[in-house]
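Accompanying notes for the structure given below.
The values are calculated or read from the model by the stated rules, or taken from the named source; none is laboratory data. Keep in mind the model is a prediction, meaning the values are calculated, not measured. All Cβ positions, glycine included, derive from the backbone under ideal geometry; neighbour counts span all protein chains shown.
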């Protein structure tokens with residue numbers, strides 16, 4: 001993906017649907033960007049930061065509570081319309097094996113078959129790096145050559161300033177895909193992420 005100029009303003013950002021089963025996934029009508037990551041990686045905070053909204057994506061004191069794919073309709077002022085898909089978190093929630101299996105089926109079906117999916121933003125805590133769940137997902141996503149994959153390294157502000165760039169570079173080497181350092185607190189990485197998102201949907 002070649003970077004493109006970032007949007008000046010988010011026109012609208014609205015909740016569109018929530019799907020706990022394949023049958024509940026809304027029709028694919030516009031380019032879609034999916035966000036994936038561990039339950040406690042800061043996904044809701046990053047989405048709210050990207051969309052310049054405080055509470056559009058709900059944060060929870062209990063990681064792993066979101067058990068659906070949540071869809072948002074986005075319109076860029078003077079730019080394209082697109083959808084964000086907030087995928088259920090993994091690697092933390094205390095759920096039954098049956099429920100975990102149903103999540104896996106839902107996510108794999110979505111990631112394999114969603115025709116309008118253009119990119120997946122995989123969130124990784126910069127302090128934890130790529131673990132087995134992330135590696136498995138990266139290998140799974142590699143099967144779709146038409147979907148771009150970018151890692152958003154979250155919570156970069158938790159590191160000393162001198163350690164931030166080396167940590168991002170190390171993560172990129174481990175993952176083998178582009179990594180963008182981000183912070184929901186400081187808005188680090190917002191413009192760069194938007195640049196990559198727009199490159200995928202335009």
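Some points to look at:
- Unique residue being within 12 Å of the chain's Cα centre (by Cα), at pLDDT below 95, in a loop (DSSP other than H, G, I, E, B) and more than 16 Å from residue 176 (Cα to Cα) when the list is 88, 63: 88
- Hits in segment 141-197 (condition: on the phi > 0 side of the Ramachandran plot and surrounded by fewer than 19 Cβ atoms within 10 Å (Cβ to Cβ)): 176, 187
Yes/no matrix, rows are residues, columns are (1) modelled with pLDDT of 90 or more; (2) surrounded by 15 or more Cβ atoms within 10 Å (Cβ to Cβ); (3) in contact with a helix residue (DSSP H, G or I) (Cβ under 9 Å, 6 or more places away or on another chain); (4) at positive phi:
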position	(1), (2), (3), (4)
8	no, no, no, no
39	no, yes, no, no
47	yes, yes, no, no
56	no, yes, yes, no
68	no, yes, yes, no
73	yes, yes, no, no
82	yes, yes, yes, no
